[in-house]
Amino acid sequence: MDEPRENELEKRAEDIRAVRKLLALADDISLVHPWAFLAWAGLVAAGTILHYANFVAASISVDTALLSIWLPALVLGALAEAVSWIVKLRTQALPLFSRRLGGLLLGGLAMVTVLIVGAARIAQTAPSPGLAVLFAVLPLTFYAQACYGPLFIETFAGIAVGICLEASGLSSPELFLASGLFVALVFASSGLHVLLIERRRRG
């Protein structure tokens with residue numbers, strides 16, 4: 001085969017690889033900015049430390065901690081995430097009411113609703129560090145499925161730690177502190193991971 005022919009075939013092969021790469025990237029939808037994950041990381045870390053400090057100082061109850069510490073943290077985190085969604089939708093001109101994105105939003109809403117009800121129920125009995133980690137990292141499965149598959153790394157790392165803690169049967173204030181800080185680390189790692197992915201996509 002002559003050289004011009006070989007060059008033409010190589011160019012077509014490169015074009016095909018480029019198109020495949022673009023199609024693969026098109027399957028990913030960036031719904032939130034990386035700083036939304038970092039905001040959650042900061043709130044979880046702050047809430048964990050505040051909860052531990054209050055427990056050591058005054059033996060704060062679970063109910064009181066939920067209302068005075070974790071409820072405000074959830075509200076602030078939800079507001080930060082909502083702002084991030086709105087900014088992303090505007091800058092990327094994503095069709096909010098498309099079939100795919102609408103299905104993702106409804107699925108995420110259903111998961112969060114069940115998560116909140118389940119967490120509230122468990123908190124009334126005897127919460128454990130393992131269950132706390134499992135419930136906390138569960139929302140990452142939505143973003144791993146909807147946005148970027150590589151986030152399953154952080155998701156399953158959190159699930160593995162949660163299962164190990166649950167299987168161990170260990171529970172102490174210090175272990176709750178370590179578990180909360182671990183969840184914050186998972187969220188921060190997810191935010192940095194998304195940041196790196198988006199930088200690579202922009203070239």
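Just so it is clear, none of the values below were taken in a lab; they were calculated from the coordinates. These numbers were taken from a predicted model, which means no experiment stands behind them. Using ideal geometry, Cβ is built from the backbone for each residue, glycine included, and neighbour counts are taken over all protein chains shown.
Residues Thr64, Thr48 in ascending order of nearby Cβ atoms (within 10 Å, fewest first): Thr64, Thr48.
Contour minus end-to-end for Thr91 and Leu175, with contour as 0.36 nm per residue of separation and end-to-end as the Cα-Cα distance?
On the way: separation 84, 0.36 × 84 = 30.24 nm, distance 4.15 nm.
That works out to 26.1 nm of additional length.
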